[in-house]
Amino acid sequence: MVALPDFSTAFYTRNAQRYAEVSHSFLQSMYVRSSHPGLRGDYDLMQRMQDLVPEGARGLDAGCGAGARDVFMYMHRGYDIYGVDVVEENVEEACRLHPEIAGKVSLADLRFPLPLPDASFDFILCNAVIQHIIPEVALGITLPDFARLLDRGGVLQLMFKIGKGITTVHDKDYGVDRAFQLYPEDQVIAVLERLNLTLVPTEANNLGGIMYFTDPKGSDHCVLFAKKNS
Ligand SMILES: C[S@@+](CC[C@H](N)C(=O)[O-])C[C@H]1O[C@@H](n2cnc3c(N)ncnc32)[C@H](O)[C@@H]1O
């Protein structure tokens, strides 16, 4: 196997428990600036996805994070959701915090295609994960695999840090510097279009189109919903 660069996943190994506390408290999940009046934090994205896919839909939280907060929340709202993460401690923390999702979270590395059949899911969440993966792999393997795994009409929610190259950010909640891969949004959108995924537009005041926000650490992100064409 080829050794691939690692953008600070070791951080999660060391901080799984604390990360889960921060994530569950929504401490870093409120945005300080946003391009859409209806987008104030993670919670708004969750609400919008629940408008786009019906209760009972099959979901994947790709890179679910320590504690798998969103797997837990979607499950309690009636979704058939699973989570994967590359860090063992993150999955263990999810099972410790929420024993009821123990059978729904597992270890997997999104730098490789997941060993699951085509069209396994009606929605995929991938929030702040490709920042840990080099562009060649994220755009050439991870996103194409999401397109394969989505059923027709299925929706991808993709959030990533915008820019070029790699940035280093000081995370005051943990007192450490962390490195992240940035992505130009036009490049990501062009890849999604080639994969037959179309941006969900803004309708009325609903979340849609290309949305931007700045997180409490000052990092600029893009987030979008893209639907797999029938
Ligand atoms: C910033 S956290 C985001 C967690 C969660 N998606 C959220 O929004 O709270 C990034 C997560 O991506 C996971 N991750 C990084 N590289 C990965 C990979 N190659 N495969 C699967 N998960 C990965 C990390 O372990 C970490 O849990």
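Observations on the model:
- Contact order relative to length of the chain, as percent, for alpha carbon pairs under 8 angstrom and 6 or more apart: 21
- Kirkwood Rh and Cα Rg combined as Rg/Rh, the range 86-175: 1.00
- 30 Å Cα-Cα threshold exceeded, pairs from 104/164; 172/228; 161/227: 104/164; 172/228
- Near residue 162, the amide H atoms lying under 5 Å from its own belong to 183, 220, 221, 222; only residues 5 or more places off or on other chains count, and H is placed 1.01 Å from N.
- For the chain, the longest site-free run once GluC sites (Glu not before Pro) in DSSP loop states with at most 10 other Cβ atoms within 10 Å are removed: 56-202
- Summing Cβ point charges (Lys, Arg +1; Asp, Glu -1) relative to the Cα centre of the range 70-150 gives a dipole of roughly 160 debye.
- Dimensionless Rg ratio for the range 10-228, taking C-alpha atoms and the 2.2 N^0.38 Å reference: 0.94
- Simple point charges give the picture: +1 on the Cβ of Lys and Arg, -1 on the Cβ of Asp and Glu, and for the chain a dipole about the Cα centre of about 300 debye.
- All Cα pairs of the range 104-230, percent lying beyond 23 Å: 33
- The ratio of the alpha-carbon radius of gyration of the range 19-115 to the globular-protein estimate 2.2 N^0.38 Å is 1.10.
- Whole-Hz couplings from phi, Karplus 6.51/-1.76/1.60, listed for the range 114-125; x for Gly and Pro: 6, x, 10, x, 4, 6, 6, 10, 9, 7, 10, 9
- Furthest towards positive pole of dipole, 168, 114, 99, structure part the range 74-168, Cβ charges: 168
Every read-out reported here was derived from the displayed coordinates using simple, explicitly stated rules and does not represent laboratory data. Remember, it's a predicted structure, so these values are computed and weren't measured experimentally. Note that we place each Cβ from the backbone using ideal geometry, even for glycine, and neighbour counts take in every protein chain shown.
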